[in-house]
1. Can you tell me, using C-alpha contacts under 8 Å and at least 6 residues apart, the relative contact order of the chain as a whole percent?
2. Once the mean 1/r over all distinct Cα pairs of the stretch 53-253 is inverted, what Kirkwood radius in angstroms do you read off?
3. Can you list the aspartates and glutamates whose alpha carbon sits under 13 Å from that of Lys253, skipping same-chain ones fewer than 8 residues off?
4. Rg and Dmax of the stretch 2-98, Cα atoms, in Å?
5. What is the stretch 1-126's relative contact order, in percent, from Cα pairs under 8 angstrom and six or more apart in sequence?
6. If packing is taken as the mean number of other Cβ atoms within 10 Å per residue, what is the order of 65-74, 17-26, 173-182, highest first?
7. Can you spot the lysines whose alpha carbon is less than 24 Å from Lys213's alpha carbon? Ignore those fewer than 8 places along the same chain.
8. Which net charge results for the neighbourhood of Leu114, defined as the other residues with beta-carbon distances under 13 angstrom from its beta-carbon, given Lys and Arg at +1 and Asp and Glu at -1?
Amino acid sequence: MQKSKREKLGFTLILLFSLSAIIGLVSLERIPQDLAYHAFVDFRTMIAIPNFWNVLSNLPFLIVGIVGLYQLLISNKLTIIHEMKSAYTLLFIGVSLVAFGSGYYHISPNNQTLVWDRLPMTIAFMALFAIIIAEFISLNIGKKLLWPLVIAGIASVVYWHVSELQGVGDLRFYAFIQFFPMLAIPVTLLLFCSRFDRVNGYWLLISCYFLAKVFEYFDNAIYDILALSISGHSIKHMIAALGLYALLVSYQKRHKLR
């Protein structure tokens, strides 16, 4: 398929996904946070840390985030779009803060601490979405959308939190912010041309994201299979961090095409 036809198809699919997601957002009834979400199978306390492995397994996020920031801002080892440097910086700051936010949440899992888990994750995710738009679709659009996307991501978490405090919990906006990019990003990778010669880092990140979701879903079963040594949720954290590490490596090794 010719480049122009591929890109036209890409824009069409993204538009359809956008409209479908918006229609779904407004047509669904509000979605409160299920309190069973906080019931993780591995709640062992070690060295005075509750839910030890669910807390400690966030450490890889901090490592990837700090290494990413160092190579981006100090050693200049990453091949990036320099006009989008603030977006890459936000990405790795967000990844670093996930370690603290998620660690804090897992010490005492509840709706109040969950806010600090979701905020840095959403900042990193929205920065990544803007980066992909800039690298594949349009630098100008990516630059213009960076802060609106980040603000929308933060607002989605704040809206959910306030709605829970008022007894009318509503996750719809947050769900839209999280899952619409997961539809748009694969379409973008497949149908638009990158400015760089390597896109495998993004595919590895997506693969790890979905694999992490599988381990999260089977939290209890994996804990039983592994003879109560480590749970699916703890492994989820490590797989997600591995995907981010793969992306970091691809940023190190790629070269600009245009």
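1. Answer for the chain is 24 percent.
2. In the stretch 53-253 this quantity evaluates to 17.4 Å.
3. Partners within reach: Asp197.
4. 20.9, 60
5. 23
6. Highest to lowest by the protection proxy: 173-182, 65-74, 17-26.
7. Counting by Cα, and skipping residues close in sequence, Lys213 has these lysines nearby: Lys236.
8. Summing Lys and Arg as +1 and Asp and Glu as -1 gives -2.
Just so you know, all these numbers are worked out from the coordinates, no wet-lab data involved. From a predicted model like this one, the values you see are computed outputs, not experimental measurements. Cβ coordinates were reconstructed from backbone atoms using ideal geometry, including for glycine residues, and neighbour counts include every protein chain displayed.
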